[in-house]
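Presented below is the structure to which this report refers.
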Amino acid sequence: MQGTMIYRLRDIRFEDVPEPKIEKPTDAIIRLAVTCVCGSDLWPYRGIQAVETPTPMGHEYCGYVEEVGHAVKSVKLGQFVVGSFAMSDNSCPHCRVGYQSSCQQREWVSRAQAPFMRVALADGTLVATPDLPSKEMLPSLLAASDVLGTGWFAADAANVKQGSTVVVVGDGAVGLLGVLSAKQMGAQRIIAMSRHPARQKLAKEFGATDIVTQRGDDGVTRIKDLTEGIGADSVLECVGTQESMMQAIRCTRPGGFVSYVGVPHGVELDSEQLFFSHVHLHGGPAPVRRYLPELIGLVLDGKINPGKVFDLTLPLAQVAEGYRAMDERKAIKVLLQP
Ligand SMILES: [Zn+2]
Ligand SMILES: [Zn+2]
């Protein structure tokens, strides 16, 4: 089998890799229906996160169950399943309160840009659809695996509710789906921060009421202007840089909520600024598994179409081209077909 590996900065290869096999009785093997490139895959690609040795890539997936270990009870051969990038038992104390991405038995997915993959803790990790989905549904079901689940967590963790004023920092796929999530949760006003016309357009389709193109101090001033000097109730930080995090905190009203779901790179918070901001902070790797049943339902009922974030589709063998397109911001998100 061939799968995706990163060797070093901007060096993605689709090459021979071992076929996945059942390693523990709780594992399953799935055949991927579709997979994709994530914004977070660009951190090692751009050399911001060091690549020490050739490393397998990919953590967003959905597909068909090919094989199950003998201890797997609920997941059945042939089912269509969606899982999160954090594999979890869905039964330990952390899972039971909805933090499956902190599962005591957690394993990270890292080999999903391939035709087949092993899923650990299959009964806890995977959620099956009632029937085999149509081809048209695949991009949206794949989105549920990470970017939608992460955007949804961002909105939930920022306490978005009926009537909220929301700011979304970051116009990648997660930020855009944070807009969609805030809309679903009843936000009245959704201000998307974006300088990119195609992304602004999609943000509006997903429910953004205002677009702010400024960043840094100017961005904060603009948000304050739009909110009568008050700031937003909920701010979703979907980037993970110092600038984006400080922008998020400074856009939030006293007593408001900031969620942060972008993997942080070099973010340091000024304790005094934080102290006087009076904001709630809640973030981390999204517990996507908590939301999967609801999100799959919304997709299958046609209530949401998160698959619109995929604006380029390539054969899996051209995965390197997919990374390049996202790196150069020629594509928002790249769908890969095994
Ligand atoms: Zn991802
Ligand atoms: Zn657990």
Residue pairs, from the table Lys21/Lys308; Lys161/Lys330; Lys21/Lys303; Lys183/Lys330; Lys21/Lys330, whose Cα atoms sit over 30 Å apart:
Lys21/Lys308; Lys161/Lys330; Lys21/Lys303; Lys21/Lys330
Residue-averaged [θ]222 nm for the chain, counting only DSSP H segments that reach four residues, each worth -39500 (n - 2.57):
-8500 deg cm²/dmol
Relative contact order for segment 63-208: what percent, with Cα pairs under 8 Å and sequence separation of 6 or more?
18 percent
In Hz, Karplus ³J(HN,Hα) per residue of segment 72-83 (6.51, -1.76, 1.60; θ = phi - 60°; x = Gly, Pro):
6, 10, 8, 7, 10, 4, x, 5, 8, 10, 10, x
FRET efficiency (Leu77, Arg10; Cβ distance; R0 41 Å; to 0.05) is 0.55
Where segment 172-258 is the region considered: accessible area per residue in Å², 1.4 Å probe
39 Å²
Charge dipole (debye, nearest 20) of the chain; +1 at Cβ of Lys and Arg, -1 at Cβ of Asp and Glu
440 debye
Whole-Hz ³J(HN,Hα) from phi, Karplus 6.51 cos²θ - 1.76 cosθ + 1.60, for segment 152-163, glycine and proline x:
5, 4, 4, 5, 5, 5, 8, 6, 5, 9, 3, x
By per-residue mean of other Cβ atoms within 10 Å, what is the highest-first order of 13-21, 68-76?
68-76, 13-21
For a quick size check, give me the Cα extents of segment 99-179 along its three principal axes, largest first, whole Å.
42, 36, 25
Which order, highest average first, do 23-32, 166-175 follow once you tally other Cβ atoms within 10 Å for each residue and take the mean per peptide?
166-175, 23-32
Expressed as a percent, the accessible surface of the chain that is carbon or sulfur, using a 1.4 Å probe and the full set of protein chains, is 49 percent
Report, to the nearest 10°, how far helix 197-206 tilts away from the longest principal axis of the Cα atoms in the chain, using its own Cα long axis and a range of 0 to 90°.
80 degrees
Loop trypsin sites (Lys or Arg not before Pro), segment 232-338 (other Cβ atoms within 10 Å of the site Cβ: 13 or fewer; DSSP):
Lys303, Arg329, Lys330
Helix axis angle, 216-226 relative to the chain longest principal axis, alpha carbon, degrees
70 degrees
Using all C-alpha to C-alpha distances in the chain, build P(r) with 20 Å bins and read off the rounded percent in each one.
33, 58, 10, 0
Of 101-114, 152-165, 49-62, ordering from highest average Cβ density within 10 Å down gives 152-165, 101-114, 49-62
In units of 2.2 N^0.38 Å, the Cα radius of gyration of segment 35-191 is 1.12
Against the longest principal axis of the chain, how steep is helix 242-251, in degrees 0 to 90 to the nearest 10, with axes from Cα atoms?
50 degrees
Phi angles of segment 291-299, converted by Karplus (6.51 cos²θ - 1.76 cosθ + 1.60, θ = phi - 60°) into ³J(HN,Hα) in whole Hz with x for Gly and Pro, give 9, 3, x, 5, 5, 4, x, 4, 5
Distance between the C-alpha centers of segment 229-294 and segment 301-337? Whole Å please.
27 Å
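The values are calculated or read from the model by the stated rules, or taken from the named source; none is laboratory data. All figures in this text were calculated on a predicted structure; none of them were measured in a lab. Methodologically, a virtual Cβ is constructed for each residue, glycine included, from the backbone with ideal geometry; neighbour enumeration extends over all protein chains shown. Protein only, heavy atoms only, side chains kept; ligands, DNA and RNA dropped before computing areas. Shrake-Rupley method; radii C 1.70, N 1.55, O 1.52, S 1.80 Å.
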